[in-house]
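Student: What follows is a structure written as structure tokens; I'll ask about it next.
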Amino acid sequence: MATEGEQSAFFPQDMAKTSGAWLSADGPESDIVFSTRIRVARNLAGFPFMSQADADTRAQLVQTLKAALTETGHNLTFINVESLDELDAQLLVERQLISRELAQAEGARGVVIGEGESISVMLNEEDHVRMQILHSGLSLEQCWDVANELDDDLEEQVSFSFDEKLGYLTACPTNVGTGIRVSVMLHLPALRITREIQKVHTAAQKINLAVRGLYGEGSQAMGDFYQISNQVTLGCSEQDLLNNLGDVVPNILGYERRVRDLLLRDNRSQLDDQVARAMGILTSARSITSEETMHLLSSVRLGVNLGMVTEVSIATVNELFIQTQRSHLQRIQGQTLESDARNEARAAWLRERLSDN
Amino acid sequence: MKKCRHCSRRATLHVTEINDNVAVPIHLCDDCAHGYLNGSNAPEDEVPTQAAELAAKLEALVADEDEECSNCNISFSQFRDQGRLGCAACYDEFRQDLMPLLENIHEDSTHAGKRPRRNPGQSASESQLVHLRSEQRKAIDREDYESAATLRDEIARLEAELHNFPISTAEDSND
Ligand SMILES: [Zn+2]
Ligand SMILES: [Zn+2]
């Protein structure tokens, strides 16, 4: 694992042009399921939670956890988030490796990233430890196996705060118990187009699942992505939480697929037109906003899944959702860009990526 | 009857968003639900901020007096303001007031998931560590290095007990 002087192990410019393995669209049901994510919150015994941790304690936590993670034997790279400039921290947010909260926090903090970016462990976020496992497609059990193993391995090195009755203790009472949040990111353009998505919300709500957009708050329906996750962490086992999502997600997938079939049957020409226009704009625009990009990429993604677009892969479309964001564009270009220049760089990158397939 | 948060008509859609790990209940009427579900949210200033939502939920928790956690010194009202506890011992210190909140959020109050492989019955020494560390800092602040040194030894002993410092690895993290 990279340590102190090895900040150089992180090359934002190179990273921006590559993609996490979870975007490869090779997981089960990845035509609709963008990703599965499991996040595990833990705190070290004997240390105050973050809100009461002074500068020394924060630094000591990072040191302790870095050392402990090294000992787990997983192949991990440490990035010192405290020393990153705003754009590089934002790059990690866009890649879903760290949260906006960690990027914007102050004091000693970091993230430890595994090969292919499917493991990331945030240090000193809301809790001392936030492990995240991110896989392509619907892979609840595989994600949990990795998370569970990493948790066990880390627990051989350190003691976590645990209460016999309440389970793993977290800074916020919404996470206490298992400390895990299981999320499945779904691409549901057909349900959105036909306004059936409301039924998904209502159904999910009934069984204590939350639905939100790609980057959480304020981003509902961006690119027709809907994230479904457990809300409750206390009173049920990890397996219960997995089963809960494992039961409901296939129903939503079946629903989306049925509606896609109906659209193809009854609105084929309209759909053809929408997809072709989206592809046309994305491959020829000279300037394009992030919002329009998300919207059009969603249509193209649907088009690829329905066989209307054959020259682009789902993996490429997935990557473009990430790479067309502001920090990625600037790191790919190797310079700081104001809004207008970013829109031009975005259009250029889209033309390049969508034509070399 | 719950009212729509945008227009105060009768709410028919009840959603709980987890924003920044805080459960935020959202109630919407038929019309506003359409907007919400299709991504066209009401203007930013009409949406209650996350902090306000959490505050509303925590508002219901009125402690008799403003107790403090004896370990980390956070007060219950501070917890209510920021929505975050100060240390593991807070769960014990504020248990009476926290239990209704946990029931409300999780509809349950007993852990049913995995447990640490190692015996976790160490919470007493964990709390003590938090306490000793803050004492040590105070000692250093008032330049009482003798007390600080005693406290440091005591902390080291407890840490060793808790296995939180695999001493060999803490040292060789520089190579
Ligand atoms: Zn309304
Ligand atoms: Zn406390």
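Student: What single numbered condition from (1) open to solvent by less than 20 Å² (accessible area, probe 1.4 Å); (2) at pLDDT 95 or above; (3) farther than 30 Å from B:Tyr91 by Cβ fails to hold for A:Ala2?
Tutor: Every listed condition holds for A:Ala2 apart from (2).
Student: Here is a follow-up. Mind listing just one residue for me: the one in region A:276-298 that is in a loop (DSSP other than H, G, I, E, B) and not hydrophobic (A, V, I, L, M, F, W, C) and, of those, farthest from A:Ala345 (Cα to Cα)?
Tutor: Going residue by residue through region A:276-298, those that are in a loop (DSSP other than H, G, I, E, B) are A:285-289.
From what is left, the residues that are not hydrophobic (A, V, I, L, M, F, W, C) are A:286-287, A:289.
Details: A:Arg286: 8, A:Ser287: 7, A:Thr289: 10 Å.
Step by step, filter region A:276-298, then rank; the result is A:Thr289.
Student: Hey, A:Leu140 hits all of (1) under 20 Å from the mean Cα position of the chain (by Cα); (2) under 30 Å from A:Thr336 (Cβ atoms) but one; which does it fall short on?
Tutor: (2)
Student: Out of A:Gln104, A:Gln13, which single residue is surrounded by fewer than 18 Cβ atoms within 10 Å (Cβ to Cβ) and under 19 Å from the mean Cα position of the chain (by Cα)?
Tutor: Working: A:Gln13 fails: under 19 Å from the mean Cα position of the chain (by Cα).
Only one candidate passes the filter, namely A:Gln104.
Student: Next question. Any idea which of A:Arg301, A:Arg351 is part of a helix (DSSP H, G or I), of a type in the set (Lys, Arg) and surrounded by fewer than 18 Cβ atoms within 10 Å (Cβ to Cβ)? Let's see the steps before the verdict.
Tutor: Details: A:Arg301 fails: surrounded by fewer than 18 Cβ atoms within 10 Å (Cβ to Cβ).
Just a single option satisfies the conditions, and that option is A:Arg351.
Student: Continuing with this model, one more query. How many residues, within region A:151-183, are more than 7 Å from chain B (Cβ to nearest Cβ) and within 20 Å of A:Ile228 (Cβ to Cβ)?
Tutor: Result for region A:151-183: 5.
Student: Tell me, yes or no, whether region A:151-168 has at least one residue that is among the aromatic types (Phe, Trp, Tyr), under 28 Å from A:Gln325 (Cβ atoms) and buried (at least 24 other Cβ atoms within 10 Å of the Cβ).
Tutor: So the first thing to find is which residues in region A:151-168 are among the aromatic types (Phe, Trp, Tyr), and the list is A:160, A:162, A:168.
Now drop any that are not under 28 Å from A:Gln325 (Cβ atoms), which leaves none.
Checked against the condition, which is being among the aromatic types (Phe, Trp, Tyr), under 28 Å from A:Gln325 (Cβ atoms) and buried (at least 24 other Cβ atoms within 10 Å of the Cβ), region A:151-168 yields no hits at all.
Student: Tell me, which residue of region A:275-287 that is under 14 Å from A:Glu352 (Cα atoms) and not polar (S, T, N, Q) is surrounded by the fewest Cβ atoms within 10 Å (Cβ to Cβ)?
Tutor: First, the residues of region A:275-287 that are under 14 Å from A:Glu352 (Cα atoms): A:279-287.
So of that shortlist, the ones also not polar (S, T, N, Q) come out as A:279-282, A:285-286.
Details: A:Met279: 20, A:Gly280: 11, A:Ile281: 18, A:Leu282: 25, A:Ala285: 19, A:Arg286: 9.
Checked region A:275-287; the qualifying residue surrounded by the fewest Cβ atoms within 10 Å (Cβ to Cβ) is A:Arg286.
Student: Any residue that is assigned to a strand (DSSP E or B) and charged (D, E, K, R) - is there at least one of those in region A:40-53?
Tutor: Here is the first cut: in region A:40-53, the ones assigned to a strand (DSSP E or B) are A:40-42, A:44.
If we keep only those that are charged (D, E, K, R) as well, we get A:42.
Yes: region A:40-53 contains one or more residues that are assigned to a strand (DSSP E or B) and charged (D, E, K, R).
The values are calculated or read from the model by the stated rules, or taken from the named source; none is laboratory data. Since this is a predicted model, take the numbers as computed values, not measurements. Cβ coordinates were reconstructed from backbone atoms using ideal geometry, including for glycine residues, and neighbour counts include every protein chain displayed. The protein model used for the area step is the full one, side chains on, heavy atoms only, and it has no ligands, DNA or RNA in it. Shrake-Rupley method; radii C 1.70, N 1.55, O 1.52, S 1.80 Å.
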